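The values are calculated or read from the model by the stated rules, or taken from the named source; none is laboratory data. Since the model is a prediction, treat every value here as computed from it, not as a measurement. Heads up, the Cβs are rebuilt from the backbone with ideal geometry, glycines too, and the neighbour counts pull from every protein chain shown. The protein model used for the area step is the full one, side chains on, heavy atoms only, and it has no ligands, DNA or RNA in it. Shrake-Rupley method; radii C 1.70, N 1.55, O 1.52, S 1.80 Å.
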Amino acid sequence: MDRSPMPEPFETAQSAGSPPGSAPHISGGRHEHRWLILGVIGIAQLMVILDATIVNIALPSAQQDLGFSDGNRQWIVTAYALAFGSLLLLGGRIADLVGRKAVFLAGLAGFALASALGGAATSFTMLVVARALQGVFGALLAPAALSLLTTTFTDPKERAKAFGIYGAIAGAGGAVGLLLGGVLTEYLDWRWCLYVNLIFAAVAMLGGARLLHGGRPTDRPKLDVPGTLLVSTGLFCIVYGFSNAETHAWSDVDTWGFLVVGAVLVAAFAWWQTRAEHPLLPMRVVLDRDRGASFLAMFISGAGLFGVFLFLTYYLQQILGYTPVKTGLAFLPMVAVMVVVSVVTTNSLVPRFGAKPIVPLGMGLSAAAMAWFTALDVSSGYAAHVLPPLLVAGLGLGLIFAPAMSMATAGVAAHDAGVASAMVNTSQQVGGSIGTALLNSLATTAAANYLVGKEPTPEVQAQAAMESYSTAYWWSALFFAVGLVVTVVLYRRGAPVQAETSGGAVHM
């Protein structure tokens, strides 16, 4: 049986074996500033999430300013995804080893410095390096933030509220990035899409330094070096392979070769985790049915979500002629619905009914919204045609993100909170990378097939674009339909049995 580490000062009194309600000022569930801590964590999470989309809005301006080619443009996005996706599990374990406050603050500082470097970029290479560094420090920051939330809120009712808010931020961050990126690019300069992170980071660092309690576990888990190398390299190859599919054929060795190598390395990592003395990702974290279902839900919804953000953005700007700011505003109703539904779901529905009926329902509604988007055409209007499926998508995603995040970290031992939180972020990030590559590839193929034998007039080009968007929406609907089946099968019936996070809650 595994030994639980000594709790960090900000962890729960229950973790330390104290009776409920003792040590009111330092226990996770009764931290005197716990709601302010949630605000600090939320700001940090928003910064990481919106950075995935805010830079997309700035890309055309950055390309014109720095003079790089269309072929190189994808590396501004890919550099971040490669570093972030491949290092998340390592970042989560470092948080368990060093202490979550220290890693949280270091991640914020590094992310801010990398953002400043990117904003001041004078060349394509400098911008790519800055984006990669953002990914590295984001991989430290994201799991530390979620594990801080996990160890700060252990009271079931308060945990539900906290995860409802946090899940809403995670789900809505991409849309906020579109709006903020549009405003900054249109009224200031593309560089402010990176400089704005300095403001977020400064606020979060001041709050974190003041509110979070320091310290690190005395009985720390040791680092699994072979496992770290296997999974980091494997995830890098998978993300790179799918990213490469956006500009290369699937038959190209630079695409399928990296995917095969990545799959082999991840399989080897899974095998090694069953034999390692100090595994990077203990099997006790992933073998729980509810937790495993939540990781898969985050992966699938991360892949399908791009059907909304990516291709609907293209549609609004290229077909309906929206400005970047107007495009961002168009997503706000979905964000509002997602926030409200996330809070209500985790507060009222999941504690009463469990995740089994809630998350599958969200998958079904999201699939329906994706299918509904296929009815859009070049003459569609926002209020009558775009807004209704957008609201349904917000409802569906609100039913998925917050419950899945909460269930993925519920009952995790204190010294596993970082790596469990990293798995949530890894699932969403890798799913998003795969979804982006697949949908882009399928959409491009659909547009090319439509244009065969036709005169490329503006009308025909527009219809080809609609064909590509429709293809992407149908595939996104399929992703969510698969998610519905997976979550129905895996989630346990009934309300969660383990409502609180404790030091040894998951030792099986």
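When you scan region 200-219, do you find a residue that is in contact with a Leu (Cβ under 9 Å, 6 or more places away or on another chain) and hydroxyl-bearing (S, T, Y), even just one? No, every residue in region 200-219 fails to be in contact with a Leu (Cβ under 9 Å, 6 or more places away or on another chain) and hydroxyl-bearing (S, T, Y). Output the residue which, of all residues in region 277-329 that are among the hydroxyl-bearing types (S, T, Y) and open to solvent by less than 10 Å² (accessible area, probe 1.4 Å), is farthest from the chain's Cα centre (by Cα). The selected residue is Y315. Cβ separations smaller than 7 Å between residues 6+ apart or across chains give the following pairs from region 303-316 residues that are more than 14 Å from L329 (Cα to Cα) to residues that are of a type in the set (V, I, T) and in a helix (DSSP H, G or I): A303/I434; F306/T436; L310/T436.
Residues to consider are L36, L59; find the one that is modelled with pLDDT under 80, more than 18 Å from the chain's Cα centre (by Cα) and assigned to a helix (DSSP H, G or I). Working first, answer last.
Working: L36 fails: modelled with pLDDT under 80.
Exactly one of L36, L59 is modelled with pLDDT under 80, more than 18 Å from the chain's Cα centre (by Cα) and assigned to a helix (DSSP H, G or I), namely L59.
Which helices (runs of 4 or more DSSP H) does region 346-409 wholly contain that include 1 or more residues that are among the polar types (S, T, N, Q)?
Numbers: elements: 350-353, 355-373, 387-409.
The helices (runs of 4 or more DSSP H) meeting that bar are 355-373, 387-409.
Search region 174-212 for residues being under 20 Å from G118 (Cα atoms) and part of a loop (DSSP other than H, G, I, E, B), and hand back the single one that is least open to solvent (accessible area, probe 1.4 Å). The qualifying residue least open to solvent (accessible area, probe 1.4 Å) is W190. Just checking, does region 459-473 include any residue being of a type in the set (A, V, I, L, M, F, W, C), under 28 Å from V359 (Cβ atoms) and in a helix (DSSP H, G or I)? So far as region 459-473 goes, yes, one or more of its residues are of a type in the set (A, V, I, L, M, F, W, C), under 28 Å from V359 (Cβ atoms) and in a helix (DSSP H, G or I).
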